[in-house]
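K.L.:
Take this structure, written in structure tokens, and hold onto it; I'll ask about it next.
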Amino acid sequence: QVQLVESGGGLVQAGGSLRLSCVASGRTFSHYVVCWFRQAPEKEREFVGTISRSGRSTYYADSVKGRFTISRDNAKNTVYLQMNSLKPEDTAVYYCAGDYTYSLPTTSDKYDYWGQGTQVTVSS
């Protein structure tokens, strides 16, 4: 099994940037697709974006496309979520999740391994 730990959250003004990290330990990280989800207060968890095992393929929610970028460094067992042009509606707890698959699932039920989450707050 794989353990995931997110970091990099914080408070930022609208229009600013943050980079989240998801560090994995355990089994071979490069065998896992990694996805970012977020959950705002009183809202359901929503898909943000996902990255393939090699890092060559990514897929994003329409709400973040063009502003957020996911990348990974398998040598460092780390996936990154670069968030630019942040908006107040991006405020949420951000989670990374991993799955041993060749596809790019976008629903949370497809992911077996989860981090504890990191809070991102965007002020207006």
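The values are calculated or read from the model by the stated rules, or taken from the named source; none is laboratory data. Quick caveat, the model's predicted, so the values are computed rather than measured. Heads up, the Cβs are rebuilt from the backbone with ideal geometry, glycines too, and the neighbour counts pull from every protein chain shown. Ligands, DNA and RNA are excluded from the accessible area calculation, which covers all protein heavy atoms including side chains. Shrake-Rupley method; radii C 1.70, N 1.55, O 1.52, S 1.80 Å.
K.L.:
Calculate, in nm to one decimal, what Val23 and Leu11 gain on full extension: separation in residues at 0.36 nm each, minus their alpha carbon distance.
P.N.:
Full extension from Val23 to Leu11 adds 2.2 nm.
K.L.:
Could you pull out every residue, at least 5 positions away or on a different chain, whose amide H is within less than 5 Å of the one on Ala61? Hs are placed 1.01 Å off N in the peptide plane, and Pro or chain starts have none.
P.N.:
Those lying under 5 Å, H to H, from Ala61 are Gly49.
K.L.:
Show me 14-22, 38-46 ranked by packing, highest mean number of other Cβ atoms within 10 Å first.
P.N.:
14-22, 38-46
K.L.:
Further question: With every protein chain kept in the model, how would you rank Leu4, Leu11 by accessible area, 1.4 Å probe, largest at the top?
P.N.:
I get Leu11, Leu4, largest accessible area first.
K.L.:
Shape of region 22-68 from its Cα gyration tensor (a ≥ b ≥ c, root eigenvalues): rounded if a/c is under 1.5, otherwise prolate when a/b > b/c, or oblate?
P.N.:
Because a/c hits 1.5 or more and a/b fails to exceed b/c, region 22-68 counts as oblate.
K.L.:
Summing Lys, Arg as +1 and Asp, Glu as -1, what charge do residues with Cβ under 12 Å from the Cβ of Tyr80 carry, Tyr80 excluded?
P.N.:
Value of the local net charge: +1.
K.L.:
Right, another one. Report Rg (one decimal) and Dmax (nearest whole number) for the chain, counting Cα atoms only, units Å.
P.N.:
13.3, 41
K.L.:
Ok, one more. What's the tally of Lys pairs in the chain whose alpha-carbon atoms lie under 22 angstrom apart, where the two lysines are 8 or more places apart or on different chains?
P.N.:
The result is 5.
K.L.:
If each of Glu44 and Lys65 carries a label point 7 Å out from its Cα toward its Cβ, how far apart are those two points in nm?
P.N.:
2.0
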